[in-house]
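Novice: Encoded as structure tokens, here's the structure I'll be asking about.
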Amino acid sequence: MDIHIPNEQPEKRSVTIAGHRTSLSLEPTFWKALKRIADDADMSLSALITAIDDARPETTNLSSAIRLYLFNCL
């Protein structure tokens, strides 16, 4: 099996969640996947991230919750 793992450094971006700005660090692959899902659902990236934030357990940080959400979308 040939496994390829991209060499990506996390990108920090600011987003608005529930009316306040916060910053998130995700690899570019995750940002692209989030944008694609938001576009397909005809919603903004901030709205999708807010929905993920609202659904995540208190013990899971937002970046991890986003990665888990995307994994479950496979």
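Novice: Looking at ALA33, ALA38, ALA51, ALA65, which one is out of contact with any Pro (no Cβ under 7 Å at 6 or more places or on another chain), surrounded by fewer than 16 Cβ atoms within 10 Å (Cβ to Cβ), part of a helix (DSSP H, G or I) and hydrophobic (A, V, I, L, M, F, W, C)?
Specialist: ALA51
Novice: Would you please name the residue that is surrounded by the fewest Cβ atoms within 10 Å (Cβ to Cβ), looking only at residues in the stretch 16-30 that are outside any helix (DSSP H, G or I) and among the polar types (S, T, N, Q)?
Specialist: SER23
Novice: Inside the stretch 33-72, can you point out the residues that are charged (D, E, K, R) and under 10 Å from the mean Cα position of the chain (by Cα)?
Specialist: Scanning the stretch 33-72 gives LYS35, ASP53, ARG67.
Novice: For the stretch 52-74, give me each residue that is closer than 14 Å to ILE17 by Cα and either touching a residue at least 60 places away in the same chain (Cβ under 8 Å) or β-branched (Val, Ile, Thr) (or both).
Specialist: If the condition is that a residue be closer than 14 Å to ILE17 by Cα and either touching a residue at least 60 places away in the same chain (Cβ under 8 Å) or β-branched (Val, Ile, Thr) (or both), then ILE52, ILE66 are the ones that fit.
Rule-based calculations on the coordinates, nothing more; no lab input. No experiment lies behind these values; they were computed from the predicted model shown. All Cβ positions, even for glycine, are placed from backbone atoms using ideal geometry, and neighbour counts span all protein chains on display.
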